[in-house]
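> Below is the structure I would like to discuss, written out as structure tokens.
No lab work stands behind these numbers, since they all come straight from the coordinates. Just so it is clear, the structure is predicted and the values come from calculations on it, not from any experiment. Don't worry about glycine lacking a Cβ; one is built from the backbone with ideal geometry, like all the others, and counts go over all protein chains shown.
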Amino acid sequence: MTRYALRRVGLSIIVVSGVMVLTFLISHVIPADPAVNWAGPHASASQIARARVILGLNRPVWSQILHYFSGILSGNWGISIRTHRSVLSDLMQAVPASLELVGAAIAIAVVVGIPLGLVSARYAVKFPDHFVRLFAVIGVSMPAFWLALILQLVFSRDLHWFPTAGEYNPVLAYAHPIPHITGIPLIDGLLRWDWPLVTSSLQHLVLPACVVASYPVGVVTRMVRAKVLEVSEETHSQMIRSLGFSERALLGRFSLRLAWSPVVQVLALVFAYSLANTFLVEAVFDWPGLGNYAAQSIETLDVPAIAGVTLFVAMVYVILNLLVDLAQALFDPRVLIS
Amino acid sequence: MLSAGVITVGALVLIAVFAPLLAPFPGDASVATHPFSVLQAPTWLHPFGTDEVGRDILSRVMYGARISPLIAVAVLLIATVVGVPLGLVAGYFGGVLDDVIMRVTDIFLAVPALLLALALSSVLTPTIGSTIAAISVTWWPWYARLVRGEAASIRGRRYIESCRALGIPRWRILWRHVLPNATTPVLVQMSLDFGTVILTASALSFLGLGVQDPSPDWGLMVSEGQAYFLTNWWLVTFPGLAILITALAFNILGDGLRDRLDPRHRMFQ
Amino acid sequence: MLGLVAAATPGASAASGHSTFTYDTYTQVMTSWDPSTDYSNEIIAMQEMYETLTRYDSQTKQVTPLLATSWSSSDGGKTWTFQLRHGVTFHTGRPLTAAAAAASINRTIKLNQGAAYIWGAVSSVTAPSTYTLVIHCKYASPIDLISSSDYGAYIFDTQAAPAAGLAKWFAAGHDAGTGPYTVESNTPNAEVALTLKAFTKYWGGWSGNHFTQVAFRVTPEASTAAQLVDQGQVSFVEQLTPQLWKAQVGQSSVQTTSNPSWQNLITFFNTSSGPMANENFRKAVSTAIDYKGIVAALQGGVVRTPGIIPAGLVGYDASAPEYGLSMTKAKSYLKASGYSGKKESLTLTYTQGDADEQLAAQLIQSELAPLGLTVKVEALQWATQWAKAQAKSPSARQDIFLMYWWPDYADPFSWFTNLYLGEATPYFNLSYYNNKTVNAQIGRVEATLAVSKSAGAALYDTIQNEIYQDAPTTTLWTVKYQRVLTAGIKGYQDNPAYPNVVFVYNLKP
């Protein structure tokens, strides 16, 4: 087990280093002059020259790469051209909001997707199955930015059921200070029994979370259906049937547990995918997370920030996969053999 | 469901090919503008309304049907041309070559495709070419991986050993025996990927990183209509619907093809 | 069950005497904190924290006292003496004195960035007594007007930090002004990017009904901003699309205002290289643009202005000569220019994120197509767009450059000295225009105006005519400031001399 764990960790380190090389390439293959961006509008020539030095653009490439790597490892991820602050601190500020959004989306995906997948498997080939399968395939075919706009138009503007944008109503902050423990308003509100904050957070969370959840719901539904059907065809399931258990029991008590493992794996994959998907959704809902930060960085060609976000999400993804693999090895020793 | 997918895809192809004949205002899909009839609601004259410079949205949506599938075809072609040979070589020869190629694909796969494509596109000049390039770079690792798995499993088979024993050159073995077995999964994967590539490409143009105005790319149209959509809903709705329907049709088609061709994924017809 | 209806209280909170004014803007608020060098969107916050010696009242068209209570000029307009207000305290605690005021103006002049050029006529700034400030100029100059400028004229405490570290001190998010509000919290990436709280020792006092807090919220999407003000979550929206604004007119929860501004959109043609270097070619392009169409496409958000100077400023001439749409004239100019007829591609750059500029670019591209000209439109970040225009090699620059311009103080000089005066290295003269006659006229015009208004206006007319003949630029429109506020707020005046600034202290919640 330890050997496997060490191998996997070593692999992850290699992968992350490779991603760092990628982000270095991206952040130093720049068409527009980054020094001008840094110095800002109305800058003089001497200010631009100084910016060039600050950004290290006057050094040879190998020196830049070394500088870049040592910087990342020591916590210096560069300075954002747009906000003039450390990229890492910008990212840290934006992460809780994205966690809240993606977490809620995955929760919706699990709560909605698993029952739907089960229903679909239970009534395989009949009408409910077709309906659910159509729903699932629409989920994975949905352009997230379009769904965001439509939901905002219908549910916020026309029906006034939900607010338009933001994480919570900023007016609340004027009445009394917002607790800041995790940085996630919903959780902070729950921890401090701040019900207005909790209510406001939930209201603001509904629409964006539904949009981000559209793809995971589709994936989870299809996966649960496929795995459950696969398992229910196997010999041990036939034995369970012959013992007199109902289909319902078979699907519920016996098959689901076996279907669990790949679903968890897929969720980890989907988590990372959704994190990237938030780029499109957060801008529409003004959600102050990584996606919004990335979208604004892209708009302003803030390359250090773009590279920083890419690296960060990749690292999250690698760590998640590592954890899932290690957990799987813990529960299913067959994995260790391959 | 397969038949529904085929019909829709067929309709899309027809619209794309015959757009100049079907579109009521073909000039609006390129540089023509009509500043005195901007932002008109859908009417019989303009069934999808007009956009912020007075162009007929129906015509632009029709011409847009040429862009997304074109990008998807180009991307998948490049992905297979690059990924398949690499995967074959990695899977068949194994050893250090395999390790190196697999690590490289690991690195690319560690970053979610959309994110890597976004980051790349942001540093390139936005054109249809840069979109294709950026997405291709993120897509080839899947195919390399896929083919590598097939090649590795085939390599161990008896008849391959006999081929080697007979002195048949390796490239011939790869070409005539290994590759054909890898074809089916690759084709299945391509048909499944079509819809996803279209979504990714439209996401890139939504963020302004793809084709530019006046190209009638659907993602670009949604992006341009965003500022107006609360007061003029038609600018965003129709192009977005087009993206949804196109991706949906290709995904259903892909699902259907996979059910037919890949016995391991039988979906209980 | 949790109530899911989006109930929203207006910008005021329940706590007694505490009310917040939320300003909704569409782009980053503080791109700079330095009162000597700032030159961008931060004006909306800087004008709350800092004050100038005088302020321009666009209603009365007069310069009014602010930090200076009275002033006089002598020596033919070359010496200006200001009497400063007593009992004014900087946010740092130190009192306002003439020495402090002189120090801040001198620092601005020394740093020579941003709008420092407005003090170009100044030879020295002295403080002969505690509350007397004297400004000497090399030539006659309207210093009373100049010191009301929206940029580069703030009076601040230069002793807030040691001189070498003052710039850093500002950049860290501090303010050293005299204004009614001072910085409370600064979170640039959050939705509410900046909050200011009332400065208790403000010289104007806090009796009566005032807002005690100013918050700045950034919402890049106009549609979101419209909904926020509807629901009362913000007090003021800086900019909406004309369509969204029209939809707000008549709603009971909001009030709308529409006022002409001094901000116009100018199209610069590259007179230094490429096809635009030819005068007839420029005239061909100028007469191919459908000006009326462009204004119509913006559905009420802009107005057409002849010439360069917008209405409301001295020198504005409603009958100034202008180019109008005429395809026949355009084609004949094109022929006269010797245009060979081969496919000519022109590069047009505009500032990314500005929907109106995007519209203009699309329409221009479409309108030049019948002449056989292909226009390549590039949406660039301002910094990039500007850098490209300042490229050392003229052929690397764009052919057409779109840029907004507005004056720093209520005078048309800003247009001419920045945009039309010949430059050795391009700064804002992005048509690279260099006409010796015009240069000389621009050199004389401020002095002429300081002596006689009518002579100055006449000279401005002459300059505009001269420029019209050469056609290095064409003006597309003048912006109409269309604002939306929550209904209860009283006292809002849109002052074009301070674009996008809301003097929150003067409002009643």
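> Once each part is reduced to its C-alpha centroid, what is the distance from segment B:1-73 to segment A:116-135 in angstrom?
When both Cα centres are located, 34 Å separates them.
> Further, regarding this structure: Helix B:179-206 versus the longest principal axis of chain B: what is the Cα-based angle in degrees, 0 to 90, to the nearest 10?
Once rounded, one gets 30 degrees.
> What relative contact order, as a whole-number percentage, does segment C:260-481 give when Cα pairs under 8 Å and 6 or more residues apart are counted?
36
> While we're here: Charges at C-beta only: +1 for Lys and Arg, -1 for Asp and Glu. How large is the resulting dipole of chain C about its Cα centre, in Debye rounded to 20?
Here chain C has a charge dipole of around 500 debye.
> Would you mind checking the tilt of helix B:95-110 against the longest principal axis of the Cα atoms of chain B, expressed as 0 to 90 degrees and rounded to 10?
It works out to around 20 degrees.
> Further, regarding this structure: Plugging the Kirkwood radius over Cα pairs into Stokes-Einstein for segment C:177-296, at a temperature of 25 °C and a viscosity of 0.890 mPa s, what D comes out in µm²/s?
Value of D from the Cα-based Kirkwood radius: 129 µm²/s.
> Sort segment B:146-249 into rounded, prolate or oblate with this rule: let a ≥ b ≥ c be the square roots of the eigenvalues of the Cα gyration tensor; rounded if a/c is under 1.5, and if a/c is not under 1.5, prolate when a/b is larger than b/c, oblate otherwise.
It comes out prolate by the Cα gyration axes.
> Follow-up question, since we're still on this one. Run the quick spin-label model on C:T187 and C:T437: label points 7 Å from Cα toward the beta carbon, then report their separation in nm to one decimal.
Computed distance between label sites C:T187 and C:T437 equals 6.0 nm.
> From the phi angles alone, apply the Karplus equation (6.51, -1.76, 1.60; θ = phi - 60°) to segment C:425-432 and give each ³J(HN,Hα) in whole Hz, x where the residue is Gly or Pro.
Rounded to whole hertz, the list is 10, x, 10, 10, 7, 8, 9, 6.
> I'd like the per residue volume of the convex hull spanned by the Cα atoms of segment C:260-481, given in cubic angstrom.
115
> May I ask which of C:K283/C:K335; C:K335/C:K376; C:K331/C:K436 have a Cα-Cα span longer than 18 Å here?
C:K335/C:K376; C:K331/C:K436, as the Cα separations exceed 18 Å there.
> Let me ask you something else. What order do you get for A:111-118, B:222-229, B:8-15 when each peptide is scored by the mean count of other beta carbon atoms within 10 Å, highest first?
B:222-229, A:111-118, B:8-15
> Report, as a whole number in µm² per second, the diffusion coefficient that Stokes-Einstein gives for the protein assembly as shown at 37 °C and 0.692 mPa s using the Kirkwood radius over alpha carbon pairs.
102
> Take the alpha-carbon centre of segment C:167-243, take the same for segment A:261-316, and report the distance between them in whole Å.
Comparing the Cα centres of segment C:167-243 and segment A:261-316, I get a distance of 29 Å.
> What is the ratio of the Cα radius of gyration of segment C:51-159 to 2.2 N^0.38 Å, with N the residue count, to two decimals?
0.98
> Taking H placed 1.01 Å from N in the peptide plane, check which residues at least 5 places from C:V375 or on another chain put their amide H under 5 Å from its amide H.
C:L346
> If each DSSP helix of 4+ residues adds -39,500 (n - 2.57) and the sum is divided by the residues in chain B, what number results at 222 nm, nearest 500 deg cm²/dmol?
-23500 deg cm²/dmol
> Could you list A:M1, B:M102 in order of exposure, starting from the residue whose Cβ has the fewest other Cβ atoms within 10 Å?
With the sparsest Cβ surroundings first, the list reads A:M1, B:M102.
> Quick one: 3J(HN,Hα) in Hz for segment C:313-321, Karplus 6.51/-1.76/1.60 with θ = phi - 60°, rounded, Gly and Pro as x.
The phi angles translate into 10, 4, x, 5, 10, 5, 9, 4, x Hz.
> Between C:Q62 and B:V17, what FRET efficiency comes out of the Förster formula 1/(1 + (r/R0)^6) with R0 = 56 Å and r the beta carbon distance, rounded to 0.05?
Step by step, r from the Cβ atoms, then E = 0.25.
> Can you give me the C-alpha center-to-center distance between segment C:18-72 and segment C:382-443, rounded to a whole angstrom?
26
> For each pair in C:K392/C:K480; C:K61/C:K201; C:K246/C:K388; C:K329/C:K388; C:K78/C:K110, compute the distance between the two Cα atoms and list the pairs where it is over 28 Å.
C:K392/C:K480; C:K61/C:K201; C:K246/C:K388; C:K329/C:K388
> On to the next question. If you add up the charges near C:A277, with Lys and Arg at +1 and Asp and Glu at -1, over every other residue whose beta carbon is less than 14 angstrom from its beta carbon, what do you get?
In short, -1.
> Here's another thing I want to ask about it. Identify the chymotrypsin sites (Phe, Trp or Tyr not before Pro) of segment A:127-186 meeting these criteria: DSSP loop state and at most 14 other C-beta atoms within 10 Å of the C-beta.
Filter output for segment A:127-186: A:W161.
> Say each of C:S258 and B:L45 gets a label point 7 Å from the Cα, pointing the same way as Cα to Cβ; how far apart are those two points in nm?
2.3
> For C:V249 and C:K292, calculate 0.36 nm times their separation in residues minus their Cα-Cα distance, and state this gained length in nm to one decimal.
13.1 nm
> Given R₀ = 35 Å, what would the calculated FRET efficiency be for C:S393 paired with A:V21, taking r from the Cβ atoms and rounding to 0.05?
About 0.55, to the nearest 0.05.
> Run the helix sum for chain C: -39,500 (n - 2.57) per DSSP H stretch of 4+ residues, divided by residue count, reported at 222 nm to the nearest 500 deg cm²/dmol.
Result for chain C, helices only: -7500 deg cm²/dmol.
> Indicate, rounded to the nearest 5 percent, the antiparallel portion of the DSSP beta bridges found entirely in the protein assembly as shown.
75
> While we're on this one: Give the longest segment of chain C that steers clear of trypsin sites (Lys or Arg not before Pro) in DSSP loops with at most 16 neighbouring Cβ atoms within 10 Å, not counting the sites themselves.
C:393-509
> Determine which residues of segment C:473-509 fall in the zone a paramagnetic label at C:W206 would reach in this model, i.e. backbone nitrogen under 14 Å from the point 7 Å along Cα→Cβ.
C:505
> Shifting gears a bit: State the volume of the convex hull built on the alpha-carbon positions of chain C, expressed per residue in Å³ and rounded to an integer.
Roughly 160 Å³ of hull volume per residue.
> Taking every DSSP beta bridge with both residues inside chain C, roughly what % is antiparallel (nearest 5)?
75
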